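Below: the structure, in C-alpha cells.
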Amino acid sequence: MKQVVQNYKSGELTLLDVPAPRCKPGGVLVRSAFSLISTGTEMMKVSEAGMSMLGKARSRPDQVAKVVQSVAANGVPATYRKVMGKLDSYTPLGYSLCGVVEQVGAGIDDVKVGDVVACAGNEHALHAELNWVPKNLYAPAPDGVAPRHAAFGTVGSIALQGVRQGESRLGEVALVIGLGLIGQLVTQLLNASGVRVVGVDPDPARCELAERLGAAACGDPGSASVESAVAELTGGMGVDQVYLAAGGSSNQPVELAARLCRDRGRVIDIGKCRLDLPWNAYYEKELDVRFSRSYGPGRYDPEYELQGRDYPIGYVRWTERRNLACFLDLIARGSVDVEPLVSHVADFEDAVETYRRLEEGDLKAVAVLFRYASAGDAPAVEAPEMTVPEVPRPSGRTAPARRSGPVRLAFVGAGNYASSMLLPHLTGRDGVELSTVVTTTALSAANARRKFGFGKATTDLDAVLGDPAVDAVFVVTRHSSHAELTRRALLAGKAVFVEKPLALSEEELAGVLAAVEESGNDRIQVGFNRRFAPLLREARELFGARTGPASLRYLVNAGRLEHGSWYLRQDTEGSRFAGEGGHFVDTASWLLDADPVSVYAAAPAGNEDLQIVLCYPDGSTATISYVTSGPSSFPKETLDLVADGKVLRLDDFTRAAVYDGRRRQWVGSRLPKARDKGQNAELAAFVRAVRTGGPMPVPLESLAATTTATLAVPTALASGVPVTLAGVR
C-alpha cells in the first residue's frame with residue numbers, strides 16, 4: 001500500500017510503498033476515503049525537516065536537552081549513532097481521516113465491515129491507504145455525514161477539547177487568536193454554545209471566513225478594531241476566555257491575551273505558540289492559564305488508546321472517543337459546517353506535490369484533504385473492462401501434411417522446469433527426436449545435450465527457427481520472453497509449446513495473435529497441464545454432465561518464495577500469480593466447460609494471499625484462493641466442484657472422489673496415488689497433434705481467454721470491482 005512519509009534528516013517527503021497493516025484484536029482495519037492535512041502541526045514538521053541540523057536544534061531545544069543527557073550517560077559516539085539513526089528514518093504524517101471498515105478484529109462489536117468511521121491518532125490515522133485503528137480511536141460517522149466532512153473528526157476533537165477547557169458559558173465573550181483550521185473550528189463551536197467570538201489573524205481572508213461562520217468581529221492583531229470590538233461586546237471589562245490557536249515564535253499572542261482578558265479570565269493554549277508570559281500582566285489579573293491536551297482525556301494513555309480500556313463516564317464525561325463522536329454529531333445536526341474550510345482536495349497520488357505547494361506558499365489553504373480511490377463521495381468507479389482479443393482464423397485450421405519420420409523438437413531454454421518436468425517425458429519417447437537445444441550460455445546447452453541426448457546444442461536461436469528439419473519449438477525460458485519467442489516461432493512456421501504464461505500484458509498477447517494472423521499458423525499449446533491430469537479427468541467423467549450452474553473452490557497453498565527467486569523480479573518477470581495463475585484459471589474453465597465473463601480479486605491486508613472470483617456465462621462461479629501464508633505440511637492444491645446435488649473432490653492430484661447423495665465413489669482407489677499433474681499426457685497430446693496435423697489440444701480461443709482473465713486480476717485488485725471480460729464467446 002502507499003503511505004506518506006518523511007525523512008527528518010534529509011527532509012525528503014515521499015509516497016512510499018509499505019506493507020499493509022494486519023487487523024489485530026481490539027481494533028478495525030480501515031481503508032481510507034479522505035484524510036485531512038493539518039496545515040499547522042504537519043506543515044511545522046515538514047518545515048523543520050527541511051532545516052539544517054543547527055536549525056533543527058534551535059527549533060527543538062527540548063530534544064537538544066535529551067541529547068545532552070544521553071551524551072552524559074552514554075558518550076558521544078553512542079549518542080551520535082542513536083540520534084542519526086532516529087533522524088535518518090522515515091516518519092509518518094497525518095492523524096485525522098475517515099474511511100470504511102474493511103476488517104473487524106476480535107473483541108469489536110460496535111461496527112461491522114462496510115461501516116464508515118472517523119479515525120484519530122498520529123500512529124493510527126495516517127495518510128495511508130490502510131490503517132489499523134484501536135477501538136477508542138474511531139467513531140462511527142452518523143448517517144448523512146459525508147466522508148470528506150467526517151475526516152475533520154480528529155481536528156474537530158482538538159478544538160472541542162480546547163473549548164471544554166475554557167469552560168465557556170452561555171452569553172460569554174471569547175477571543176480566538178489564530179484563525180487557521182483549529183481557530184475556525186473553535187470559533188464555530190463557541191458560537192454554537194452561545195458564546196460571542198472576536199477573532200484575531202493577520203490574514204484578512206481568514207478573518208472574513210470566520211465572520212461568515214459566526215464570529216462577531218475579526219481583525220489584525222495590531223489593529224484598533226479588535227480592541228474596540230472587545231470593549232463594545234464586554235462593556236470594557238474584557239473577554240471571559242482567550243483561545244491561543246496560533247503558532248510561530250512571536251510572543252504577541254500571550255501579550256494580547258493579557259491585555260484583552262478580564263480579571264480572573266481564562267487563557268487556553270491549544271496551538272503551539274511562544275509562551276513567555278508577561279508575569280506582571282498575568283499576576284495582576286490573576287489569569288488562569290490552561291493547556292488543552294490534544295483530543296481529550298485518554299490521549300497518550302496506552303491503556304486507553306491501545307488496550308481499549310475506557311474511563312467510566314461518571315468520572316470522565318468527555319473522553320477522546322466521546323469528543324470524536326460529539327463533533328461528528330455536531331456536523332450531522334448542522335451546528336458545525338466544515339465544508340467552507342475545505343480549500344483544496346487533492347488525489348492521494350499527488351500528496352508530495354501538495355505538500356510542496358503548501359510549503360512554498362503556492363497553495364494557500366485552511367484545510368486540505370487527500371482523496372483516496374475508495375472515497376465514499378468521490379465519483380463512482382466505472383467497472384473496468386478488458387476485451388478478450390478475437391482469435392484469427394487462418395484459412396487452414398490444420399497443419400500441412402508432415403513428412404514421415406519422428407517429430408523433431410527444439411527446446412529454447414533448459415532450466416529446472418524443463419529438465420525436471422518436461423524433458424524426462426520426452427527422452428526416449430517413440431516417434432520423438434530431441435533435435436536441438438538453445439540456451440543463452442554455451443555450457444548450459446552442452447549440459448542439456450549430454451543429459452537428454454539432443455542432436456545439437458547451440459546459442460543461435462535464428463539458426464533453429466530457420467531449420468526446416470525442426471517441427472516444433474518448446475519455449476521454456478523466463479516469463480518476460482515467452483510472448484516474443486512464441487511470436488517469432490509462429491512466424492517461422494513452427495508449432496509452439498510455450499510454458500505458462502503465454503503473455504504478461506495485453507499488448508504481448510495481441511502481438512502473439514497478430515503473428516497467428518500474419519503467418520496463418522495457429523499451432524500453439526500453453527503448458528496448462530492440470531486439465532490433462534489422469535485423476536482429474538477420471539473424476540470429471542464420473543461426475544458426469546451438469547444441468548445447472550456450479551460452484552467451484554480451488555485452494556492453492558503456494559507457499560513462500562525462497563530468497564533470490566526470480567519470481568520476486570516483478571518489474572521484469574511479472575507477478576507470481578501472473579506466472580502461475582493461468583494453471584488454475586484454465587483448470588476451472590475446463591471443468592466448467594466455458595470461459596469466464598468477469599474477474600474479481602481481493603487481498604487480505606498484510607500478506608500476498610489472493611482471492612479471485614471468476615463468473616461464467618451460465619451463472620457458475622469459481623473461487624481461486626491463492627495463498628502464500630499456509631503451512632508447507634498442507635497439500636498444495638485442493639479442489640471442490642459442487643453442482644446438481646453432487647460434489648467432486650480432488651486432493652492434490654493424489655486422490656479424488658465424487659459424492660452423490662449419500663454415496664461416495666472413489667476414483668480408482670481410496671488409497672493415494674502417485675501425484676500426476678498431467679505433464680506426460682499433455683506432451684503426448686501435443687506431439688500427436690504435431691504428428692497428425694490435427695487440432696491442438698486446447699483451442700486458441702480458450703488460451704486467449706485464460707490469459708486475459710489472468711491479466712485482469714491486478715486490475716480487479718486495484719479497482720475493487722469486477723472486471724468484465726468482453727468478447728467471450
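The values are calculated or read from the model by the stated rules, or taken from the named source; none is laboratory data. Since the structure is predicted, the reported quantities are computational estimates derived from the model, not experimental observations. Positions of Cβ are generated from backbone atoms using ideal geometry, with glycine treated the same way; all protein chains shown enter the neighbour counts. Note: areas computed on protein heavy atoms with side chains; ligands, DNA, RNA excluded. Shrake-Rupley method; radii C 1.70, N 1.55, O 1.52, S 1.80 Å.
Summary table
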| read-out | value |
| --- | --- |
| Strands (runs of 3 or more DSSP E) within the stretch 590-660 that include 2 or more residues more than 13 Å from F543 (Cβ to Cβ) | 598-602, 610-615, 621-627, 637-643 |
| Test: residue in the stretch 511-533 that is of a type in the set (K, R), over 13 Å from K677 (Cα atoms) and within 39 Å of the chain's Cα centre (by Cα) | no |
| Subset of the stretch 592-618 [of a type in the set (G, A, S) and surrounded by fewer than 17 Cβ atoms within 10 Å (Cβ to Cβ)] | A602, A603 |
| Residues that are surrounded by 15 or more Cβ atoms within 10 Å (Cβ to Cβ) and part of a loop (DSSP other than H, G, I, E, B), drawn from the stretch 278-309 | L287, S292, R293, S294, Y295, G296, P297, G298, R299, D301, L306, G308 |
| Residue, surrounded by the fewest Cβ atoms within 10 Å (Cβ to Cβ), within the stretch 674-702, restricted to residues that are part of a helix (DSSP H, G or I) and basic (K, R) | R688 |
| Residues (modelled with pLDDT under 90 and in a loop (DSSP other than H, G, I, E, B)) located in the stretch 23-43 | S38, T39, G40 |
| Candidates T638, T621 - the one that is surrounded by 15 or more Cβ atoms within 10 Å (Cβ to Cβ), under 30 Å from E390 (Cβ atoms) and of a type in the set (S, T, N, Q) | T621 |
| Residue check, F452 more than 22 Å from A492 (Cα to Cα), more than 44 Å from the chain's Cα centre (by Cα), open to solvent by less than 50 Å² (accessible area, probe 1.4 Å) and modelled with pLDDT of 85 or more | yes |
| Selection count where residues are closer than 18 Å to P340 by Cβ and open to solvent by less than 10 Å² (accessible area, probe 1.4 Å), scope the stretch 142-159 | 7 |
| Residue among R259, R212 that is open to solvent by 60 Å² or more (accessible area, probe 1.4 Å) and closer than 20 Å to E286 by Cβ | R259 |
| R670 vs. criteria more than 18 Å from A550 (Cβ to Cβ), open to solvent by 10 Å² or more (accessible area, probe 1.4 Å) and assigned to a strand (DSSP E or B) | no |
| Entirely in the stretch 167-273, the helices (runs of 4 or more DSSP H) that have 1 or more residues that are basic (K, R), out of contact with any strand residue (DSSP E or B) (no Cβ under 9 Å at 6 or more places or on another chain) and closer than 25 Å to L328 by Cα | 204-212 |
| Which numbered condition G314 fails, given (1) of a type in the set (G, A, S); (2) open to solvent by less than 60 Å² (accessible area, probe 1.4 Å); (3) not in a helix (DSSP H, G or I) | (2) |
| Number of the exception - L536 against (1) in contact (Cβ under 8 Å) with a residue 60 or more places away in the chain; (2) surrounded by fewer than 21 Cβ atoms within 10 Å (Cβ to Cβ) | (2) |
| Residue in the stretch 333-349 that is surrounded by the fewest Cβ atoms within 10 Å (Cβ to Cβ), counting only those that are of a type in the set (A, V, I, L, M, F, W, C) and within 30 Å of the chain's Cα centre (by Cα) | V345 |
| Filter result (of a type in the set (A, V, I, L, M), modelled with pLDDT of 70 or more and either over 30 Å from G144 (Cα atoms) or open to solvent by 70 Å² or more (accessible area, probe 1.4 Å) (or both)) within the stretch 364-421 | A373, M386, V388, V391, V407, L409, A410, V412, A414, A418, M421 |
| Qualifying residue in the stretch 706-717 (condition: touching a strand residue (DSSP E or B) at 6+ places or on another chain (Cβ under 9 Å), of a type outside the set (D, E) and in a loop (DSSP other than H, G, I, E, B)) | no |
| Test: A463 is outside any strand (DSSP E or B) and open to solvent by 50 Å² or more (accessible area, probe 1.4 Å) | yes |
| Which numbered condition A139 fails, given (1) more than 36 Å from the chain's Cα centre (by Cα); (2) in a strand (DSSP E or B) | (1) |
